[in-house]
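Worksheet: the structure to be examined is printed underneath.
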Amino acid sequence: MKTRYLLLLAPLLFLAACQSDTPAEEPAPLPGAALYRVTFEATWSASTHANFPYGAHFSPPMGLSHRADGLIYRPGQLASKGIKDMAELGHNGFLRTEINALRGSGAALRLLDGAGGFNSPGTFTDTIRLDADHPLLAVVTMIAPSPDWFAALEAENLLVDGQWVARRSVPARAYDAGTDSGPSFTAPNQPTTPAEPIRPLLLPPATGMAPATAPPWASGTWSASTKGRPGYRPSRWSRACWMRWRAAGGNTTSAGTRCSAAARACRARNRLWKA
C-alpha cells in the first residue's frame, strides 16, 4: 500500500514542478508586414461639379506608410514646401525629400511614388508596404488645374485590433493648401501672403450650391486592399505554441505564448498543446 501511494504521488509532484517553469503569458506577436494595393477612383467631372475645367486631371500621387508622428501635412497648419509645390504645380521633388527624411527618422516606412498623372474621371493604382509600427497610409495628389488644391487619403489606419484590414474604401478629402488665393480652377497665380493654414476645400457641385453652404469637395474614392494574405512571424514561438495560438483564433487568454522546453513538455503530457 505504501508503494502504491508513492507511485500516485510522483506524477503530481512532476506536474507541480513543470507548472512552476511556465512563464507568464506574453502579448501576441505583432503582425508581419502587409502589402496593399492602393486605388484612387476619380469621379470629378462636369456632371458632378460646376465649372469643370478643360484638361482636368490629377498629378502623380505621392504617399507613405507611417506612424502617428509621420504626417506630411495637418489641416489647420501651414503647408510645407513639399505640399505647396505638389498642390500648386504637381511637382513632387520637395515632398519626396520630406518623406525620405521621415523614413530616415523612423517615422515612415515606405514611399509611394506615382509614375504619372491621370485624367478625371479616371483611376490610379499602385502598391505600398505597411508594418505594425507604421500602419497608417497617406497619399496626396494635385487637383489640376487649380491654384493650390489637392485631394488626399489622410492617415488611414489599416491595422485594427491587431489584424490588417482586408479592404477599406473612403471618400477622398480635398484641401486648399493656403498658398495661392486664386478663386477658380484656371485663375492666374495669386500668391497668398502670408500663407494661410491648410483647410477643407469648398466648391459648388453641379447643382450650383453656394460654396459657403456646400459640403467638402468630393473628388473620388480611395481604396486599399491587401495583396495576398498578411501573415504573422512564428519564429519567436515554438511551433506547438504557434499552432495552438492560430487554432484559438489568436486569443492569448486561451493559447498562452512563448514556451520554455519544460513547459512545452508539461503541456504536451497533459494534452493542452498539439504540435
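Our estimate of slack between residue 227 and residue 45, defined as 0.36 nm per intervening residue step minus the Cα-Cα distance, is 62.5 nm.
Give the dimensionless ratio obtained when the Cα radius of gyration of region 40-166 is divided by 2.2 N^0.38 Å.
Numbers: Rg = 14.9 Å, N = 127, 2.2 N^0.38 = 13.9 Å.
Region 40-166 yields a ratio of 1.08.
The average projected area of region 98-214, computed from the convex hull of its Cα atoms over all directions, is 9.8 nm². Placing R0 at 22 angstrom, the Cβ-Cβ distance between residue 184 and residue 101 gives a FRET efficiency of 0.05 after rounding to 0.05.
We did not get these values from a lab; they are worked out from the coordinates using the rules stated. Every value quoted in this text rests on a predicted model; they were computed, and no experiment measured them. Please note: Cβ atoms are built from the backbone with ideal geometry, for glycine as well, and neighbour counts cover all protein chains shown.
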